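S.K.: Pasting a structure here, questions to come.
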Amino acid sequence: LAQLPLNRNQSLAAVGGGVVGDLGGFVAATYMRGVRYLQVPTTLLAMVDSSVGGKVAIDLDSGKNLVGAFYPPTEVLVAPEFISTLPERQVRNGMAEVWKYAFVLDMSLAQDVASGWNREVIERCIELKRSVVEEDEFDTTGRRAVLNFGHTVGHAIETALAYRDILHGEAIAIGMRLEAMIGERLGITAPGTAEAIAQALGGAGFDLENPCRDATDVLLNLMVRDKKAESRKLAFSLLTELGACKLVNDVPESVVEEVLAQA
Ligand SMILES: NC(=O)c1ccc[n+]([C@@H]2O[C@H](COP(=O)([O-])OP(=O)(O)OC[C@H]3O[C@@H](n4cnc5c(N)ncnc54)[C@H](O)[C@@H]3O)[C@@H](O)[C@H]2O)c1
Ligand SMILES: [Zn+2]
């Protein structure tokens, strides 16, 4: 950018998936202490999730999104036409976040989601994310954390696999089932929720087997470092029932360990 040079009166456009959006936004936040930028998401995941809400970050070996900022774009331009060239696996990857909105906020979305994405599904997801972000832009009250359902376990799996072989949405699909099981074990999540999630996600083509099943200690160590965690206690966004979620700050490590070892 310095070589171009880009000056502070100009804007940057991040045209691409969530990786480009998160990186472009982080660059925009830090280059010259901040230049304006717009998000032009080209993957389903970026359209329904990462381009909205102003969280920008990059991953470090030590953990996902460890360096970043809250830095909203001036505009988000969503053109679903981009999805026509997106490989099927990447479309399913984005659908994981769509299912997340259904499980966490609005189960009426589930019927529409079962037959895949369409324009209206994208609009509803953006609207759901917008309403949550407006309530808690800087992630301080616990409200925004509900969008992290499935992500405490999911991020740990992604990091344990060095962000290779598994896509973000694939990891959080596994995480959503396991976190529902953790919630059930704690008596916070209504019984049968994990099974309902497994049915829905299995039907949508997700492989729900935990690839790190034999590395429970690695996952636990990564989760302790999760941004939501406060001093070695584990924090999870747990469903109370399908369509409702809350942040729970003091989940015992032993319960998480039991679920991870068994499922
Ligand atoms: N900032 C947030 O709030 C937030 C939310 C969710 C996820 N994320 C982040 O987003 C990232 C995942 O984003 P993603 O799923 O978009 O992955 P991605 O950016 O890696 O894109 C997936 C692949 O699709 C290709 N691609 C992009 N658009 C295409 C198109 N229209 N046609 C064909 N190929 C195309 C890309 O080159 C890439 O190979 C993760 O790093 C995740 O942490 C951020
Ligand atoms: Zn996500």
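No lab work stands behind these numbers, since they all come straight from the coordinates. Note that the structure is a prediction, hence the values are computed from the model and not measured. Here Cβ is always computed from backbone atoms with ideal geometry, including for glycine, and neighbour counts include all displayed protein chains.
S.K.: Between residue 218 and residue 190, what length comes free when the chain is fully extended (0.36 nm per residue of separation minus the Cα-Cα distance, one decimal in nm)?
M.R.: Details: separation 28, 0.36 × 28 = 10.08 nm, distance 2.84 nm.
Separation in residues times 0.36 nm, less the Cα-Cα distance, equals 7.2 nm.
S.K.: What number, rounded to the nearest 500 deg cm²/dmol, is the helix-based mean residue ellipticity at 222 nm of the chain, given -39500 (n - 2.57) per DSSP H run of at least four residues and division by all its residues?
M.R.: Here the helix-only value at 222 nm equals -13500 deg cm²/dmol.
S.K.: Please give the net charge around residue 17, taking every other residue with its beta carbon less than 13 angstrom from that of residue 17, where Lys and Arg add +1 and Asp and Glu add -1.
M.R.: -2
S.K.: Among rounded, prolate and oblate, which fits segment 99-205 when a ≥ b ≥ c are the square roots of the eigenvalues of its C-alpha gyration tensor, a/c under 1.5 means rounded, and a/b larger than b/c means prolate?
M.R.: Rounded, since a/c falls under 1.5.
S.K.: In degrees between 0 and 90, to the nearest 10, how far off the longest principal axis of the chain does helix 151-160 point, with axes built from Cα atoms?
M.R.: Once rounded, one gets 80 degrees.
S.K.: Suppose we keep just the DSSP beta bridges with both residues in segment 1-157; what percent of those would be antiparallel, to 5? Before the final figure, lay out the partial values.
M.R.: Working: 5 of 13 bridges.
So the antiparallel bridges amount to about 40 percent of the total.
S.K.: If I build a Gaussian network model for the chain, linking alpha-carbon pairs within less than 10 angstrom, which residue out of 33, 225, 177 has the largest mean-square fluctuation?
M.R.: Its mean-square fluctuation being the largest, the pick is 33.
S.K.: May I ask for the net charge around residue 52, where only other residues with Cβ less than 13 Å from the Cβ of residue 52 are counted and Lys, Arg are +1 while Asp, Glu are -1?
M.R.: Cβ neighbours under 13 Å give a net charge of -3.
S.K.: How much length, in nm to one decimal, is gained on full extension between residue 208 and residue 135, taken as 0.36 nm per residue of separation minus their Cα-Cα distance?
M.R.: Full-extension gain reported as 23.1 nm.
S.K.: Among the aspartates and glutamates, select those whose C-alpha is under 19 Å from the C-alpha of residue 233, and discard any that sit fewer than 8 residues away in the same chain.
M.R.: Those aspartates and glutamates meeting the cut-off are 139, 179, 184, 217, 250, 253, 257, 258.
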